[in-house]
Ligand SMILES: Nc1ncnc2c1ncn2[C@@H]1O[C@H](COP(=O)(O)OP(=O)(O)O)[C@@H](O)[C@H]1O
Ligand SMILES: Nc1ncnc2c1ncn2[C@@H]1O[C@H](COP(=O)(O)OP(=O)(O)O)[C@@H](O)[C@H]1O
Ligand SMILES: [Mg+2]
Ligand SMILES: [Mg+2]
């Protein structure tokens, strides 16, 4: 296998007043080297908890309860804390939706990048690190990086702050970048710039990317592989082309039907009725059945697991492909 | 309700401006400059029509919305609503006018009082405007809930018990309580997931068809706008740079900024090669906008004229399509790429999905 990361049956739980609930409920995924895996799903599906689990950064009262996270041949879940800390930042880095909350407002962005670099390179001199930080800012196409080095986060626009975060994340040339909704808070032209930047940097460095987003347009543009998540599970896995050309899960169909298209005139968008159930109020059987237009009695009773439906295409649905459904009563 | 005007015009905004003085310094505060949040905006809205205001954050959309509703006072200009300039109204006249224009906000979480039941939230505007007695108001609340796809028992619940999409439905019901003619929607779906966004967009369209509402629809997502609007106005740094019928603006965008916005949208088609021209850098600060055409610093076609003279909105044809660009006649034609036809398997399944949805009872998100 040439997968850089392979997550096997991961379960992440939170202790709540109502008992222990699984925010990630048995997820298996893999990310090939140098490729981009897009993870899509509505808010509350467990995308962020999954990515924090991969970094071993799940905040209490949450914890990874089961599974394996194989990264380049070693299981991150059994790694000693010190080794995991060394790996974080150096080999796996992460960026988030709101860069302001991950930057410290009282230090200049330059100092913060230098600090991040120093954590992995204790011997380098201040001058060397400063030069490297400016080069990093330059690489993420921040204009006048020497001047920006001395600015505070609040003096920058959202797009510039996200570039700083990317510069910081990539300063140690990680093998894997986890980007959790990196452009959701940004304007569309800034989003386009950031996506272009990530694509170029991937080409230069060969890093793999896990890109979490709820925007299927972003997925189409960036991802090689896609995992669709619903209520803590992966419900469909396929290449990006297959997700759009041969979508199998009714949830995937609903997501696709919800996108307003630029050059199609629809009277109504398809939408998906209802909302994602929280982990403490899951329905019986298939977690999607209460919102599914194809659900029948079997879907209420049986919780489907992922099954192979095509070459490198998996779906967790009893009724897929939906065109084969013959209803008893029409 | 007053008699509709013959030309069907509901709202006309003329030379509207809002300038804010910005102070710096904590001890010796001094005026550092002026933010021209809205700087000479003009548009018209017909009864039953949707005009979309689009543009990136900070371009003045929300300020325009607040000026139209007279929640803030303009620095200059007029807002004509059915032939009366509401910027000159006061007291009871203003109150009567307010009843006819309502607003739906972006953030359904922040805009609903967490300590009030949904029933009380929906009844409040009726009380404020002295409409009905307790009985008729309770009936109206029930009717409003039905109108937005919620159930009567929801009246007893509190906002935190609802999902984001449902809260936005409550926000819409509250806006509709007093039977307005104009609803200003300030990014009503921007904070919602696409699936939920689609429910709310569908609802807004249904309500417009049923109630004959006019919408001033503010958004930054051009694909949503394409779906909702009859006409579109594109704003950049406090000014409208292009306005016109939706089809014209989308098919033959005349302003380089509109073209930039359109090409920046990620398209849901993995077969498409991404090739676009996004100008580098950020939108300049509205405190110090570039002289001449505000967009010239990011425009590939800028000339000396653009650096010195501010372009006025000029008609591009007879359809009401206007652009504020010195050079729109000579810009290269845009090829607005069409999305590839859907693959057969996807098209077939989406059609089945649509058929099932049409069959099933409509329930609320
Ligand atoms: N600290 C926490 N305590 C309890 N539940 C949590 C916590 N963090 C996340 N969750 C729950 O886990 C689920 C998945 O959340 P998240 O991963 O943030 O979703 P997404 O990123 O897909 O929007 C949600 O239902 C959320 O309420
Ligand atoms: N009360 C205010 N004081 C000073 N500046 C303001 C005020 N309100 C808005 N602005 C500024 O006016 C500009 C337009 O803001 P806004 O209308 O909210 O934009 P949009 O809704 O398009 O994002 C922004 O630069 C904003 O910072
Ligand atoms: Mg998240
Ligand atoms: Mg706004």
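The values are calculated or read from the model by the stated rules, or taken from the named source; none is laboratory data. From a predicted model like this one, the values you see are computed outputs, not experimental measurements. In this analysis, Cβ positions are derived from the backbone assuming ideal geometry, glycine residues included, and neighbour counts consider all displayed protein chains.
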Within the range B:337-365, residues assigned to a loop (DSSP other than H, G, I, E, B), under 21 Å from residue B:197 (Cβ atoms) and at pLDDT 80 or above come out as B:342
Would you pick out the residues in the range A:211-223 that are without any contact (Cβ under 8 Å) to a residue 40 or more places away in the chain and either in a strand (DSSP E or B) or within 16 Å of ligand 4 (Cβ to nearest atom) (or both)? none
Which ones in the range B:253-274 are facing another protein chain (nearest Cβ under 8 Å) and surrounded by fewer than 16 Cβ atoms within 10 Å (Cβ to Cβ)? B:271, B:272, B:274
Tell me yes or no: at least one residue of the range A:33-46 is over 24 Å from residue A:239 (Cβ atoms), within 14 Å of chain B (Cβ to nearest Cβ), touching a residue at least 40 places away in the same chain (Cβ under 8 Å) and away from ligand 4 (no atom under 16 Å from the Cβ). yes
Residue B:215 vs. criteria under 19 Å from the mean Cα position of the chain (by Cα) and in a helix (DSSP H, G or I): no
Take residue B:164 and tell me if it is on the phi > 0 side of the Ramachandran plot, surrounded by 17 or more Cβ atoms within 10 Å (Cβ to Cβ) and within 26 Å of the chain's Cα centre (by Cα). no
If the requirement is being closer than 29 Å to residue A:162 by Cβ, crowded, with 22+ Cβ neighbours inside 10 Å and at the interface with another protein chain (Cβ under 7 Å from one of its Cβ atoms), which of these qualifies: A:228, A:218? A:218
Out of all the residues in the range B:163-173, is one or more farther than 24 Å from residue B:229 by Cα and out of contact with any helix residue (DSSP H, G or I) (no Cβ under 6 Å at 6 or more places or on another chain)? yes
Counting just the residues of the range B:233-252 that are in contact with a helix residue (DSSP H, G or I) (Cβ under 8 Å, 6 or more places away or on another chain) and over 17 Å from residue B:14 (Cα atoms), which one comes out surrounded by the most Cβ atoms within 10 Å (Cβ to Cβ)? B:249
Kindly establish whether residue B:209 is under 20 Å from the mean Cα position of the chain (by Cα), crowded, with 21+ Cβ neighbours inside 10 Å and within 12 Å of chain A (Cβ to nearest Cβ). no
With A:18, A:25 as the choices, which residue is modelled with pLDDT under 95 and either within 13 Å of ligand 3 (Cβ to nearest atom) or over 15 Å from the mean Cα position of the chain (by Cα) (or both)? A:18
Kindly indicate whether any position in the range A:194-205 is within 16 Å of ligand 2 (Cβ to nearest atom), at pLDDT below 95, in a helix (DSSP H, G or I) and surrounded by fewer than 24 Cβ atoms within 10 Å (Cβ to Cβ). no
Does residue A:192 count as under 28 Å from residue A:291 (Cβ atoms) and more than 16 Å from ligand 1 (Cβ to nearest atom)? no
Can you name the number of the only condition in (1) surrounded by fewer than 18 Cβ atoms within 10 Å (Cβ to Cβ); (2) touching a residue at least 40 places away in the same chain (Cβ under 8 Å) that residue A:60 fails? (2)
Only one of (1) in contact (Cβ under 8 Å) with a residue 60 or more places away in the chain; (2) within 16 Å of ligand 4 (Cβ to nearest atom); (3) at negative phi; (4) surrounded by 19 or more Cβ atoms within 10 Å (Cβ to Cβ) does not apply to residue B:67, and that is (1)
Tell me, which strands (runs of 3 or more DSSP E) wholly within the range B:14-125 include 1 or more residues that are away from ligand 1 (no atom under 16 Å from the Cβ), within 14 Å of chain A (Cβ to nearest Cβ) and closer than 18 Å to residue B:219 by Cβ? B:50-54
Before we move on, is residue A:37 more than 13 Å from ligand 3 (Cβ to nearest atom), part of a loop (DSSP other than H, G, I, E, B) and under 18 Å from the mean Cα position of the chain (by Cα)? no
Exclusive hit being buried (at least 17 other Cβ atoms within 10 Å of the Cβ) and under 19 Å from residue A:147 (Cα atoms), set A:106, A:114: A:114
Scope the range B:321-336; condition touching a helix residue (DSSP H, G or I) at 6+ places or on another chain (Cβ under 9 Å) and at pLDDT 95 or above; matching residues: B:321, B:323, B:325, B:326, B:327, B:328
Expected single match for more than 8 Å from every other protein chain (Cβ to nearest Cβ), assigned to a loop (DSSP other than H, G, I, E, B) and under 23 Å from the mean Cα position of the chain (by Cα) among B:285, B:310 is B:285
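Only residues that are under 18 Å from residue A:148 (Cα atoms) and assigned to a helix (DSSP H, G or I): list them for the range A:80-103, please.
Within the range A:80-103, A:99, A:100, A:102 qualify.
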Exactly one of these conditions fails for residue B:277: (1) at the interface with chain A (Cβ under 9 Å from one of its Cβ atoms); (2) touching a helix residue (DSSP H, G or I) at 6+ places or on another chain (Cβ under 7 Å); (3) surrounded by fewer than 17 Cβ atoms within 10 Å (Cβ to Cβ). Give me its number. (1)
Taking residue B:184 as the residue in question, decide whether it is within 13 Å of another protein chain (Cβ to nearest Cβ), in contact with a strand residue (DSSP E or B) (Cβ under 8 Å, 6 or more places away or on another chain) and within 16 Å of ligand 4 (Cβ to nearest atom). no
